[in-house]
1. Of the GluC sites (Glu not before Pro) in region 214-323, which ones lie in a loop per DSSP and count no more than 11 other C-beta atoms within 10 Å?
2. Over the chain, what is the relative contact order in percent, taking alpha-carbon pairs closer than 8 angstrom and at least six residues apart?
3. Lys and Arg at +1, Asp and Glu at -1: add these up for the other residues within a Cβ distance under 12 Å of Arg90 and post the number.
4. Take the Cα coordinates of region 200-290, assign each an equal point scatterer, and use the Debye formula without solvent to give log10 I(q)/I(0) at q = 0.17 Å⁻¹.
5. If you take the charge dipole of the chain about its Cα centre, with +1 on Lys and Arg Cβ and -1 on Asp and Glu Cβ, which of Met276, Val231, Ser78 is farthest toward its positive end?
6. Based solely on its DSSP helices, what 222 nm [θ] is calculated for the chain when runs of n ≥ 4 H residues each add -39,500 (n - 2.57) and the sum is averaged over all residues, nearest 500 deg cm²/dmol?
7. Find the percent of Cα-Cα distances in the chain that exceed 38 Å, and round it to a whole number.
8. Once the principal axes of the Cα atoms of region 1-128 are found, what is the range along each, listed largest first in whole angstroms?
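What follows draws every value from the coordinates through simple rules; no lab data is involved. These numbers come from a predicted model, not from an experiment. Quick reminder, even Gly has a Cβ in these numbers, built from the backbone with ideal geometry, and neighbours come from all protein chains shown.
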Amino acid sequence: MSITACGIDFGTSNSTAAIHDGSAARLLPLEDGRPTLPSAVFFNLDEDSMAYGRAALNEYLEGFEGRLMRSMKSLLGSGLMDAGTDVGGRHLAFRDLIGGFIAEIRRRAEMQTQSRFDSVVVGRPVRFVDDDAAADQLAEDTLAQIVRKLGFRDVSFQFEPIAAAHAFEQTVARESLVLVVDIGGGTSDFSLVRLSPERRRAADRSADLLGNSGVHIGGTDFDKRLSLACVMPELGMGGLLASGAVLPNTTYFQLATWHTIHLAYHRSVLAGLQDMSLDVADPRRFGRLLRVVRERSGHQIAMRAEAAKIELSDTEGCVFDLDMAEAGLAVPIARDAFEASIAAEIARVCEAAQRCLDQAGVPAAAVDTLFFTGGSSAVPALRGALSRQFPDARPVEGDLYGSVGCGLAVVARQRYG
Ligand SMILES: Nc1ncnc2c1ncn2[C@@H]1O[C@H](COP(=O)(O)OP(=O)(O)OP(=O)(O)O)[C@@H](O)[C@H]1O
Ligand SMILES: [Mg+2]
């Protein structure tokens, strides 16, 4: 019998698709045999073509003329969602951008399985939007509309950390109270769940789901903080105008934030900066900003910020190559400086974890296991802070990129057969 239901984890940074064949869930290869498809689209204007995933990132880095889009999920629930952007003289609505990307995931998944999926369980963060239930619901509704428009008959959602719990439960040998910690590219999500091999078979699991919480902080925010603290000052951020006023920082924030980089490429921005350049106290640094905006190398900087962040998970220091701003420019970055730049974010992630426990009325000491998933759970300062918050819990690391997708396939099997 062919499988007609799948799980799709549309991630801020990486996406996966998975199916359950009756005995186990498995991720489907989406690009070059690998289960993750980076959530990136490149509109190649030189060749009038589109590329997805690693291919999109590569074409951008190879220097093709065109437009790279990443962190599309962050548009959901943001004020930008109903806008779009002009690409090569054509208007691109963000709904179509996200729809096109998810359609590509489906196409690749169906090719792998030689089947057609009518039903899908899509992951969603516990909070698309912090502290605004209506906007949060609107983000889910928008995503549901986008996915339905692709022709799926059944579309439903599951919280990403609950999905990850289902995946982890396939491996647990005895009952345990687990705090799922899913720190991704866009959000940090927590679920407190009671897992056991016996309970796995129960039809109604509501009594085992003790709490959920989430906050809109993830790895892309760490990239942004690192960039604002260590990179943008090299392009003049924080500098002065001749009048003594501090330079406006709008363009710096746009360049440091994945899903707003395209705003810095608007023609009026360069013109405004050129006017301002006559008036800055440090023309050398400001000149670097002009060059970055003129040459549209914002994504390259963001990519290097992400790479530096990842390197700093394993080393005490790294060197940030800023040659796109000025030939030979290289900036050393110490892990301490990065950690200081994200201290407030880490505190907010820990608060979100605490909210999950408060909701359940469970003390931290009762948690047996911390199940880490999501790429950003590898940040040592974050893991350290959470481990201190739950000193008695055993840390377990899941498949950082695959647990959510696999769990969504488990849920799809339960819901749609
Ligand atoms: N070794 C590492 N150290 C620090 N960060 C890392 C490491 N490896 C990956 N990351 C970060 O993990 C993030 C991607 O994780 P993941 O693929 O789990 O996110 P996602 O599922 O796409 O996002 P979300 O679930 O929030 O929508 C990126 O920000 C990436 O830079
Ligand atoms: Mg994720």
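1. Working: sites: Glu234, Glu295, Glu306, Glu311, Glu316; in loops: Glu316.
Those satisfying the criteria are Glu316.
2. Once divided by the residue count of the chain, the mean separation gives 20 percent.
3. So the surrounding residues net to -2.
4. After summing over all Cα pairs, the log10 values are -0.76.
5. Of the candidates, Ser78 comes out farthest on the positive side.
6. After summing the helix terms and dividing by the residues of the chain, the value is -11500 deg cm²/dmol.
7. On the way: 19311 of 86736 pairs.
The proportion of pairs with Cα distances above 38 Å equals 22 percent.
8. Largest to smallest, the principal-axis extents are 48, 32, 20 Å.
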